[in-house]
Amino acid sequence: MVLIHFVVPFLCIKKAIANSLNLATNFAKLENMKFLSFHYFSLIFGILPIFTPLVVQANSDNPNQPGKSPEPGWSLWRPQAEISQADFDSGFSNLELGGYLDFENFCKTSSESDAKVNYWFRLSNSVNRIGTGKVEFGCWVKGRFVPGYSSTAIKRSLGTVSCLRVNSPTKKSLVIWQEPQLNSRRLGVVAHGRTVKLDSFPASIVEVNGEHWLAISSPKKGWVSDGAPASSGNLRLCSLKGGQLLNF
């Protein structure tokens with residue numbers, strides 16, 4: 001019906017003009033008009049398949065954007081069912097455990113009473129890089145994804161990590177600061193390739209002015225910068241020796 005609606009008017013116009021004007025010239029013009037109408041008709045119906053998948057993706061229960069890389073500094077979101085395969089531990093204090101329970105309660109009470117709550121998690125890249133980082137949990141609430149809670153996470157298979165090696169992208173030394181900020185007192189320098197000893201495990205990590213800072217006990221007690229959370233960092237695990245992590 002749509003095709004007839006487009007073609008019949010053009011046939012009538014073509015006949016009327018052909019009877020009063022030069023047939024050859026106007027026929028060419030009408031053919032151009034027919035081509036344009038077909039072009040726009042095809043364009044409209046050609047666009048529909050492009051937008052249709054977008055609607056499906058918007059209604060999907062997967063928080064990862066199709067074809068997109070993970071957010072800088074983080075892994076992709078994974079369903080809660082894969083936690084046992086993710087090689088990490090978290091919840092090292094009553095405060096963290098209580099925070100997670102509050103998050104679960106929020107997800108349940110905010111969802112429909114009979115709806116199943118889908119939980120997801122992701123790990124910060126520093127968990128694999130230095131053994132300590134963050135795990136973040138999220139859930140679906142009324143058709144939208146809510147990243148709601150994060151806590152300290154460690155890489156389980158590494159055991160206790162106390163040694164880290166300076167390995168900055170610029171290959172420069174790291175300054176040891178008295179406090180986790182650049183305007184505090186300078187206590188010393190650790191050259192690129194040298195090692196530092198963490199003052200605890202999990203590592204004590206704080207974020208100040210867009211940088212992650214780690215507390216160390218050696219070569220001097222103080223703080224070193226691991227760079228921005230989304231960066232590749234300034235520290236790595238110490239070398240493996242005989243299959244075991246080399247620690248102090």
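The values are calculated or read from the model by the stated rules, or taken from the named source; none is laboratory data. Keep in mind that what you see is a predicted model, and the values were worked out from it rather than measured. Note that each Cβ is placed from the backbone with ideal geometry, even for glycine, and that neighbours are counted across all protein chains shown.
Observations on the structure shown:
- Scope segment 61-89; condition within 18 Å of residue 134 (Cβ to Cβ) and more than 20 Å from the chain's Cα centre (by Cα); matching residues: 89
- Every residue from segment 198-248 that is farther than 20 Å from residue 150 by Cα, aliphatic (A, V, I, L, M) and at pLDDT below 95: 240, 245, 246
- Number of residues in segment 139-177 that are of a type in the set (D, E, K, R), outside any loop (DSSP other than H, G, I, E, B) and without any contact (Cβ under 8 Å) to a residue 24 or more places away in the chain: the value is 1.
- Qualifying positions in segment 65-83 - farther than 9 Å from residue 122 by Cα, touching a strand residue (DSSP E or B) at 6+ places or on another chain (Cβ under 9 Å) and assigned to a loop (DSSP other than H, G, I, E, B): 70, 71, 73
- Residues in segment 142-181 that are crowded, with 19+ Cβ neighbours inside 10 Å and closer than 27 Å to residue 61 by Cα were compared, and the one that is modelled with the lowest pLDDT is 148.
- Inside segment 118-133, residues that are within 30 Å of residue 216 (Cα to Cα) and crowded, with 21+ Cβ neighbours inside 10 Å make up a count of 10.
- For segment 107-116, the set of residues classified as buried (at least 16 other Cβ atoms within 10 Å of the Cβ) and either at pLDDT 85 or above or assigned to a helix (DSSP H, G or I) (or both) consists of 107 only.
- Scope segment 92-132; condition within 26 Å of residue 214 (Cβ to Cβ) and among the hydrophobic types (A, V, I, L, M, F, W, C); matching residues: 92, 95, 97, 121, 123, 127, 130
- Taken together, 184, 126, 173 contain a single residue that is on the phi < 0 side of the Ramachandran plot and in the same structural domain as residue 109 (by TED's automatic domain parsing), which is 126.
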